[in-house]
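Please read the structure below before turning to the comments.
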Amino acid sequence: MKTLPQRIILIGFMGSGKSSVGRILADRLGYELVDTDALLEERAGAPIPRIFREQGEPAFRALESEVLASVADRTRSVIATGGGAPAHPANREFFTREDAVFHLRVSLKAARERTGENADRPLLAQDPETVRGLYQGRQSVYEKLGQSVDTDGRTPDAVADEIMRLLRNPRRNRPPGENA
Ligand code: S3P
C-alpha cells in the first residue's frame, strides 16, 4: 500500500454515514477514530440539540471550529466531521491541507431515511424545503473539497472498501490548497 496520509477526513451531509464508515476505516487501518461532534459535546458538556437551543447555531459553529483546530495535527486518525463544518469559511483551511478528504455522497431521500425523525439533529427538524435548500447548497462544497464516494444503497463496509481502494490508488494528487 502507498504511504497512508496521517489524517483521513470524512465529510458529507447528515446521514451520509461518516461515523459508521469512519469506525470501519479506523479499525481496518489501525487508526484512531476522531468524531468531531462527539468531541464538541464533550468539550461543551452538553448534547448538540441543547447547544443549538440554548446558545444558538453561531455558538455551535464557533465551538465546531475550535474542535477542528484542536484535531488538525492528529496523526494516524480518521476524522469524521459534522455535516455543516465544510460549509463554513472559518474551517476552510482544515479541509484544504494535504490530508485525504472523502465526501460520502448521499441523496436527500436516503439521508432522510437513514436519519429518521431525528431529535438529535436540530437542522433536520426544520421544514422540508429549508432542509432541501441546505442540502443543495452544500453539495458543491462537498464535491469541491473531497473525493466523492457514493453511499446510496451501499453498506458502510462497501463504502469503506471503496475508500481503501482509493487510498491505495489515488485518482488524483491534489496539491494542498488547490481547491481552496
Ligand atoms: C450538522 C450536522 C451534525 C451536527 C450538527 C449540525 C449540520 O453532524 O454537527 O447537528 O450542520 O449539518 P452529522 O453530520 O454528523 O449529523
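Some notes on this structure:
- Rg/Rh for the chain stands at 0.94; both radii use Cα atoms, and Rh follows the Kirkwood definition.
- Size descriptor for the range 31-120, Kirkwood hydrodynamic radius: 14.3 Å (Cα pairs only, one decimal).
- Long-range HN-HN contacts of I79 with modeled amide H, under 5 Å: I8, I9, L10, V34
- Alpha-carbon centroids, the range 62-82 and the range 1-49: separation in whole Å: 9
- The convex hull of the Cα atoms of the range 1-68, projected and averaged over all directions, covers 5.4 nm².
- Report summary: the helix-based calculation at 222 nm, which adds -39500 (n - 2.57) for every DSSP H run with n ≥ 4 and divides by the residues of the chain, gives -14500 deg cm²/dmol.
- The chain, relative contact order in percent, only Cα pairs under 8 angstrom and at least six apart counted: 35
- Placing a label point 7 Å from the Cα of Q139 along the Cα-to-Cβ line, the residues of the range 78-110 whose backbone N sits under 18 Å from it are 83-84, 86-87, 103-110.
- For the peptides 8-16, 122-130, 74-82, residues were scored by their other Cβ atoms within 10 Å and the scores averaged per peptide; the highest-first order is 8-16, 74-82, 122-130.
- Using a simple spin-label model with pseudo-atoms 7 Å out from Cα toward Cβ, T130 and R74 lie 3.1 nm apart.
- Length gained when the stretch D150-L4 is fully extended (0.36 nm per residue, less Cα-Cα span): 50.4 nm
- Rounded to whole Å, sorted largest first: equivalent-ellipsoid semi-axes of the range 65-117, Cα gyration tensor: 24, 13, 11
Since every read-out is calculated from the coordinates, none of them should be taken as a lab result. Quick caveat, the model's predicted, so the values are computed rather than measured. Every residue, glycine among them, receives a Cβ derived from its backbone with ideal geometry; neighbour counts consider all protein chains shown.
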